[in-house]
Structure formats: structure tokens, C-alpha cells
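Structure first, commentary second.
Since every read-out is calculated from the coordinates, none of them should be taken as a lab result. Because the structure is a prediction, the values reported are computed rather than measured. Positions of Cβ are generated from backbone atoms using ideal geometry, with glycine treated the same way; all protein chains shown enter the neighbour counts.
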Amino acid sequence: MVGPWVNVVPVTSHPVRRPSLDPTPLAALAPDLVVEVLETATSTNAVAADRARAGAPEGLVVVAEHQTAGRGRLDRTWESPPRSAVIFSMLLRPRVPLASWPWLPLLTGYAVTKALRGLGYDAGVKWPNDVLIADRKLAGILVERIETPDGPAAVVGVGLNTGLTVEELPVPTATSLAIESGTDPDRTVVLVTLLRALREAYDAWQAGGDAATARLRSSYAVACVTVGRDVRVDLPGGDVLTGRATGVDPGGRLIVSGPAGEAVVGAGDVVHVRALDQ
């Protein structure tokens, strides 16, 4: 979820009061979502995957007040102080063709960004699914496909920094809602807003077929702060691609126009080279 660092966040020398999540609004999300709150978990994705293999239905949400071994892409790990973030994994059992599943991480990044903007934060999504404010990383997302006795399932993990102080940031390029707004937000409100937005976006995408995917592609491109930027992409094989990110193709891949022409990127670490042209 939140990455891409390998870090244990230091606890601030000035203790911060961080309330637990309020179970009442979370219970009200049923029957579409059933929320299980754990005081501590190594990884909410791992717990949700175990629940899925045991037959848990779509809509199960595992939340951790404190996650001790969160995982991001490329198995990068992270840990933050208890109750300083919104950390959850949602179990989904998509009925769309497997060829469409690569849209799930982008859909999640878009839904989280849209929800935060609705709460008044100037968030944007960096391809494929990091959520930023002013080029500082606020949230990370990890979507994993798992095999279960009832067929393949997807575990959608989100880690969003809510109350981290500047002193507690794992890297200078990270941020939190508290840092950006000057006020520590109500984590329950943030969590409920994210869960509703994600479920709404997922249901619309699943029910709408190709037309819904086309709408998602268009909406995602508008929300994506990578589009229109000069980028450097560190590809999985070690090669480096540089150029201008011009859009997202029908499969959710980033389109990069470089010295050798146009290329599409399905996987890789993207670095924003410079600010958007004004």
C-alpha cells in the first residue's frame, strides 16, 4: 500500500492523540460492505487474502489501526505509528473478463483521488495509482489477484497517511492530510468516504461493460497528474524510457512520446521530471 520506501516511521518526540475508528458509521456500510477492524495486523492484504481463500464474500473490508509489515509494489515494506493512517484491504470478486482486471489499480487510484477531492484536498493520481498532493505522496495502493476455491479474487489494499507529522514522515517526498490541511482529520470520516467511493466506482465499472471502461479511462486521464508531464520510466528489465506522458491507452497503460517515437508502459517506476507546462 503506501510506499515506495522501506522504512519504519519514527515516533514523534511529542505524543499525538490519535483516536480509534468509530465502529458505528462502519457498521452502517452493510450489507454492501462488511468492515472488520483489527487493532494490529502485519498486512491487511494478507489477512483479506486468507479470508478470501476461506470463502469470504465480495465486500469484506479488513482495516488495521496499526499495520506492522505493509507491502507496496515490488514487495517494498513500510510501517507507520498506530492510528496515523487509514489502512484497509477490500475483497472483490470481479465478473469482468480477466483481460480487464489491469484497470482495477487505476480505478482504485481514481476513486481515492475523487473521494479526497470531495473532502477538499487537492489530490491527484500518479500513474498507475499513487495518490499525491503537490507531487508529495499521500497514499499508495496494492491490488493483488489471488486464487480461491470459488475462483479468482482481487484484494485491493489502500494505505493513506492521515495524521503523520513532518517529523514522522518516512521520506521528504511523502505527506499526510494533517500536514496539507493543518488539521488532523477524522479518520472514520475519511475511511467511510473512501470505501463508498471505491465501491461505487467498482460497481459502475463492473456493470457498464466497455462503455464504463471508456468512461473510466477518460475520467482517469483527467485526474492523472502524470499525463502532460515529462517523465522517466525505470522499466522492469533495467531499461529507462524518457519522454512526455501523453495519455492512457484502452488497457490502462501509460503512453509516452519519446525520442524514438511513441511507447506504451504497462509496468515501471515513473518519475515526474519537471512541473506541468503552464
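Tally the DSSP beta bridges in the chain and give the antiparallel ones as a percent, rounded to 5. Display every interim value, and only then the final one.
Details: 48 of 59 bridges.
Around 80 percent antiparallel, to the nearest 5.
Anything in the chain that counts as a DSSP H helix reaching 27 Å or more along its axis (C-alpha) with Kyte-Doolittle mean of at least -1.0? List them, would you? The answer, listed by residue number, is 187-223. Computed per residue of the chain from DSSP H runs no shorter than four, each worth -39500 (n - 2.57), the mean residue ellipticity at 222 nm is -8500 deg cm²/dmol. Distance from the C-alpha centroid of the stretch 183-215 to that of the stretch 34-60: 19 Å, rounded to the whole angstrom.
Could you order the peptides 248-259, 134-145, 156-167, 44-55 from most to least packed, using the average number of other C-beta atoms within 10 Å per residue? Don't skip to the end; give the middle numbers.
On the way: 248-259: 16.8, 134-145: 21.2, 156-167: 22.8, 44-55: 19.4.
The packing order, highest mean first, is 156-167, 134-145, 44-55, 248-259.
Given the alpha-carbon gyration tensor of the chain, what are the semi-axes of its equivalent ellipsoid in whole angstrom, ordered largest first, with each equal to the square root of 5 times an eigenvalue?
Details: eigenvalues 154, 114, 58 Å².
Semi-axes (√(5λ), whole Å): 28, 24, 17.
Sorting Trp205, Trp127, Trp101 from the fewest to the most surrounding beta carbons within 10 angstrom yields Trp101, Trp205, Trp127. For the stretch 7-222, the relative contact order comes to 21 percent (Cα pairs under 8 Å, sequence separation of at least 6).
Would you look at the GNM of the chain, springs on alpha carbons closer than 10 Å, and say which of Arg95, Arg217, Arg229 moves the most? Maximum among the listed residues: Arg95.
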